[in-house]
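**Student:** Have a look at this one before I ask anything.
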Amino acid sequence: MISVIETHDLCKSYNGRIVVEHLNLSVPQGCVYGFLGPNGAGKSTSMKILLGLVHPTSGSVKLLGQTMNEENRIALLRKTGSLIESPSGYLHLTARENLKIIADLKDIDHKDIDRVLEIVHLTADANRKVGQYSLGMKQRLGIAMALLGNPRLLILDEPTNGLDPAGIQEMRGLIASMPESTGATVLISSHLLGEMEQMVTQLGILDHGKMIFEGSLQELRKHSRGGIQIRVLDVKKGIDILNRQGILTQPMTHHLDILQLPSISDEKLAELVRTLSENNVGVVGLTSETKSLEEIFLSLTQNGREVA
């Protein structure tokens with residue numbers, strides 16, 4: 001699989017404080033990649049390094065198959081669009097006038113302006129002054145600026161920040177369609193997993209500058225199992241047997257015949273059920289709780305542990 005972004009042991013520190021630590025990021029071509037982490041995890045710094053706005057302390061960056069250096073940085077960034085933090089623009093000018101300024105700076109034909117306005121659904125408002133725009137419209141204008149020149153890669157830093165629910169929903173649909181509608185691979189950062197799962201196909205989770213998970217949305221869901229509830233006919237004997245197996249358990253408060261078990265693998269669960277049956281403890285019910293994606297995210301970031 002071709003990667004449009006690859007970092008190798010990327011590190012950044014300020015005055016001895018580590019912000020990004022040995023980051024190995026791989027973004028496949030043609031996907032929407034969610035770069036997740038709590039506030040202060042190092043996401044924005046990492047994205048600024050990718051764009052050459054911040055120099056890493058050590059490590060390397062490859063964009064579009066080429067190692068970034070001072071000689072090719074400008075050429076690579078011409079193939080990359082970005083929206084970092086709040087979109088900038090001249091409020092007293094129209095959206096079209098703002099886009100013309102950006103097009104001139106990038107040496108891009110003005111004919112491309114109509115294309116990007118249509119993609120972000122601003123054609124009807126192109127001649128309105130940006131000062132009259134809602135925050136959501138300004139964010140869409142920022143993405144239109146990033147799309148000028150038909151870049152192969154888009155880097156978007158928390159583009160849904162501050163939007164109302166309708167604006168967030170609109171932005172989700174816009175970003176999710178980018179690979180198909182523009183051909184661009186998208187790297188998008190956020191600290192809200194529930195919001196990202198409706199846009200992305202691949203994920204990387206950063207915490208305290210370290211990558212603690214990277215993979216598909218489906219792979220992340222493998223970590224969604226929570227506790228297990230098992231209903232038995234002989235509670236006292238069941239507790240004794242499970243304790244001997246190293247599983248601490250206790251009856252649920254309002255259902256004394258149901259034992260609450262921690263999260264365990266399918267193999268371990270099958271072994272425990274078999275052991276209970278062999279010792280004449282009837283198992284008459286089994287329920288596995290499922291964590292939400294937000295709970296998985298919190299579990300990973302709070303524990304600070306890596307997962308496969």
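**Student:** Does anyone have the angle between helix 293-303 and the longest principal axis of the chain? Alpha-carbon axes, 0 to 90°, nearest 10?
**Tutor:** Rounded to the nearest ten degrees, it is 80.
**Student:** Ranking 197, 85, 97 by Cβ neighbours within 10 Å, fewest first, what do you get? Mind dumping the intermediate values first?
**Tutor:** Values: 197 19, 85 13, 97 16.
Listed from fewest to most nearby Cβ atoms, that is 85, 97, 197.
**Student:** Another one. How much of the DSSP bridge set in the chain is antiparallel, in percent, rounded to the nearest 5?
**Tutor:** Details: 33 of 51 bridges.
Among the beta bridges of the chain, antiparallel pairing accounts for roughly 65 percent.
**Student:** Could you tell me which residue out of 22, 130, 188 lies farthest along the dipole of the chain toward its positive end? Charges go on the beta carbon: Lys and Arg +1, Asp and Glu -1, centred on the Cα centre.
**Tutor:** Of the candidates, 130 comes out farthest on the positive side.
**Student:** What share of Cα pairs, in percent, lie more than 20 angstrom apart in segment 1-108? Write out the running numbers ahead of the final one.
**Tutor:** Numbers: 2814 of 5778 pairs.
For segment 1-108, the share of Cα pairs beyond 20 Å comes to 49 percent.
**Student:** Roughly how many Å is it from the Cα centre of segment 172-206 to that of segment 26-73, as a whole number?
**Tutor:** Distance between centres, Cα-based: 16 Å.
**Student:** Next question. Would you mind checking the tilt of helix 235-244 against the longest principal axis of the Cα atoms of the chain, expressed as 0 to 90 degrees and rounded to 10?
**Tutor:** That helix lies at roughly 70 degrees to the long axis.
**Student:** Could you grab the Rg to Rh ratio for the chain? Cα atoms only, Kirkwood for Rh. Working shown, then result.
**Tutor:** Numbers: Rg = 24.7 Å, Rh = 22.0 Å.
The Rg/Rh ratio comes out at 1.12.
**Student:** Considering only Cα-Cα distances, which of the following residue pairs are longer than 19 Å: 48/129; 12/79; 12/43; 12/210; 236/268; 106/129?
**Tutor:** Values: 48/129 29 Å; 12/79 25 Å; 12/43 12 Å; 12/210 11 Å; 236/268 21 Å; 106/129 22 Å.
Check vs 19 Å cut-off fails for 48/129; 12/79; 236/268; 106/129.
**Student:** Once you keep just the Cα pairs under 8 angstrom separated by 6 or more residues, what percentage relative contact order results for segment 140-237? Spell out each step's value before the answer.
**Tutor:** Values: 74 pairs, mean separation 20.1, N = 98.
Relative contact order comes out at 21 percent.
**Student:** Follow-up. Taking Rh as the Kirkwood radius computed over C-alpha pairs, what is the Stokes-Einstein D of segment 143-193 at 10 °C in a medium of viscosity 1.306 mPa s, expressed in µm² per second? All intermediate terms of the calculation are to be shown ahead of the outcome.
**Tutor:** Values: Rh = 11.5 Å.
Answer, rounded: 138 µm²/s.
**Student:** Quick one: dipole size for segment 1-116, taken about the Cα centre, charges +1 on Lys/Arg Cβ and -1 on Asp/Glu Cβ, in debye to the nearest 20. Walk me through the intermediate numbers first.
**Tutor:** Details: 13 positive and 12 negative charges, 28 e Å.
I would put it at about 140 debye.
**Student:** I need to check one value: relative contact order of the chain, counting alpha carbon pairs closer than 8 Å and at least 6 residues apart, in percent.
**Tutor:** Working: 556 pairs, mean separation 60.8, N = 308.
This gives 20 percent for the chain.
**Student:** For residue 289 and residue 85, calculate 0.36 nm times their separation in residues minus their Cα-Cα distance, and state this gained length in nm to one decimal.
**Tutor:** Values: separation 204, 0.36 × 204 = 73.44 nm, distance 3.76 nm.
Taking 0.36 nm per residue and subtracting the Cα distance, the gain is 69.7 nm.
Coordinate-derived values only; no laboratory data. Since the structure is predicted, the reported quantities are computational estimates derived from the model, not experimental observations. Neighbour counts run over all protein chains shown; Cβ positions are idealised from the backbone, glycine included.
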